[in-house]
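One structure is given here, and the rest of the page talks about it.
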Amino acid sequence: MLVLRNVRPWGLDAVDAALAGGRIVVMGRGLPGGAEEIDGRGDLLLPGLHDHHLHILATAARRRSVSLTGLVSAADVSAALRAAPGETLRAVDYDERAAGLPDVALLDRWEPVRPLRLADRTGALWVLNSAALALLGDQPLPPGAERDAQGRVTGRFWREDAWLRAALPSAPPDLAALGAELAALGLTALTDATAHNGPAEAALLAGRLPQRLILMGTEALEEGPGYTRGPLKLLIDERDPPTPEALAARIGAARAQARAVAAHCVTEGELALFLAALDLAGGARGGDRVEHGGLVPPAFMAMIAAAGLTVATNPAFIHARGERYRAEVPEEQWDWLYPAAGLARAGVALLGGSDAPYAPLDPWLAMRAARDRLTAAGHPLGPDQRLNALAALRLYCRGEIAPGAPADLVLCSGSLAEVLGDLSAERVRLTVIGGVVAFNRAAAASPRQ
């Protein structure tokens, strides 16, 4: 049994909390001692944080990739690739402002010898150079492999992550290190929103992270140990959209599996298509979600609310991509970008997700972005969409702290007002998942003997 002494749940009066069997057993003052005790020092105790939308395998793979973040010239991209070590290269976060939409010819100029696989900043596009294409051999290419007017392969693969991972295998990513990093941020639960998740991805992920795991995915994803099966993921890509009838059929398949649906809706067009498909399928049901809500005009907010949909928003994009939005999105639409406050005012339930690795992983940074609506350069972007600090925290932190509740907890130094003032991961002292300490800042700071 683990006993947390002198902690303040949600900032209320100080109590002790005894944890056993994965749950909070009892709370009160002066509880009997346990096998392990931690002095909370009167600090704030919160339910553990939940990242409601990320891509775990892609985030782990990013750790061994060449980052092209912030490089907006061809010379800088080329220099970064040539300086990178390794016999093969995996590069991420390419910005098309550097040299437009890349193809095999451009990548061959940047890296003519080593196999190179490059992802754009959205993660929708992978591009291979000639050396990487040669590794594919003569196997048939998938539908997302682009060809030019003459039928020649351009090197571009649109939304073919799963196929490329199988065709160009590499060592499994280090999920233990990622899990430890997430625990240090106070994260106790994760929802992997990868559209192609199936039995193979479940086998890679289940039981390899300390966090509780929900997996979205395809119709082939079954219930299994080590994770909870989540909604059927509907990947709607405005570049090549499905028909409303095809989407409605998949919604029907989800209903047959007693599953909700979660639709990728970054653009206004993708959102309109999802809403039309829901109507064809008989309407929304509990648990149905809009993922991202990247551009939501006011008229759509009322429609989302009337349908009873939840929106899993990604406020960190306001910070990470805000300057790009300011340059490319008309000013009159800035309030439509990840519009948390507007959706909340319309009565829409909100959840927070990082969309890592395509935005920063830190949920506290995302909370600050939801509260402040400032770009990385400090410019305001749609200030009318600001949430108050507590609402921003509740995007990631919800649930009660009471006997019988899961012992998924985060202890933060300071009072509730101080934590809300900072919204910083530096305040995370302790993360407990299922009654087991997954992160202890005091232990992490102690010098090794």
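Quick notes on this structure:
- Across the protein chains, with a 1.4 Å probe defining accessible surface, the residues 243, 267 rank 243, 267 from largest area downward.
- The heavy atoms of residue 10 present about 50 square angstrom of accessible area, all protein chains included, probe 1.4 Å.
- Principal axes of the chain: Cα extent on each, largest first, Å: 78, 58, 46
- Accessible area in square angstrom per residue, the chain, 1.4 angstrom probe: 41
- Net charge dipole size for the chain [Lys, Arg +1 and Asp, Glu -1 on Cβ; Debye, nearest 20]: 780
- The base-10 log of I(q)/I(0) for region 291-449, evaluated at q = 0.09, 0.10, 0.11, 0.18 Å⁻¹, reads -0.34, -0.41, -0.49, -1.10 [Debye formula, identical scatterers on Cα atoms, solvent excluded].
- When 396, 227 are compared by accessible area at a 1.4 angstrom probe, the order from most to least is 227, 396.
- Rounded to the nearest whole Hz, the Karplus-based 3J(HN,Hα) values (6.51 cos²θ - 1.76 cosθ + 1.60, θ = phi - 60°) of region 137-143 follow the sequence x, 9, 5, x, 8, x, x, with x at glycine and proline.
- Within region 121-244, the proportion of Cα pairs with more than 20 Å between them is 55 percent.
- Under a 5 Å amide H cut-off, with hydrogens placed 1.01 Å from N, residue 351 pairs with 311, 312, 313 among residues at least 5 apart or on other chains.
- With 10 Å bins beginning at zero, the pair-distance distribution over Cα atoms of region 39-114 amounts to 15, 37, 21, 11, 10, 5, 0 %.
- Entry note, the chain: the mean residue ellipticity at 222 nm calculated from DSSP H runs of n ≥ 4, each adding -39500 (n - 2.57), is -8000 deg cm²/dmol after division by the residues and rounding to the nearest 500.
- Accessible surface of the chain, 1.4 Å probe: 55 percent of it comes from carbon and sulfur atoms.
- In a simple Cβ point-charge model (Lys, Arg +1; Asp, Glu -1; nothing else charged), region 13-170 has a dipole of about 440 debye relative to its Cα centre.
- Among 392, 166, 119, residue whose mean-square fluctuation peaks in a GNM of the chain (springs only between Cα atoms under 10 Å): 166
The values are calculated or read from the model by the stated rules, or taken from the named source; none is laboratory data. None of the values given here were measured: they were computed from a predicted structure. Cβ coordinates were reconstructed from backbone atoms using ideal geometry, including for glycine residues, and neighbour counts include every protein chain displayed. When the accessible area is computed, the model is the full protein with side chains, heavy atoms only, and any ligands, DNA or RNA have been set aside. Shrake-Rupley method; radii C 1.70, N 1.55, O 1.52, S 1.80 Å.
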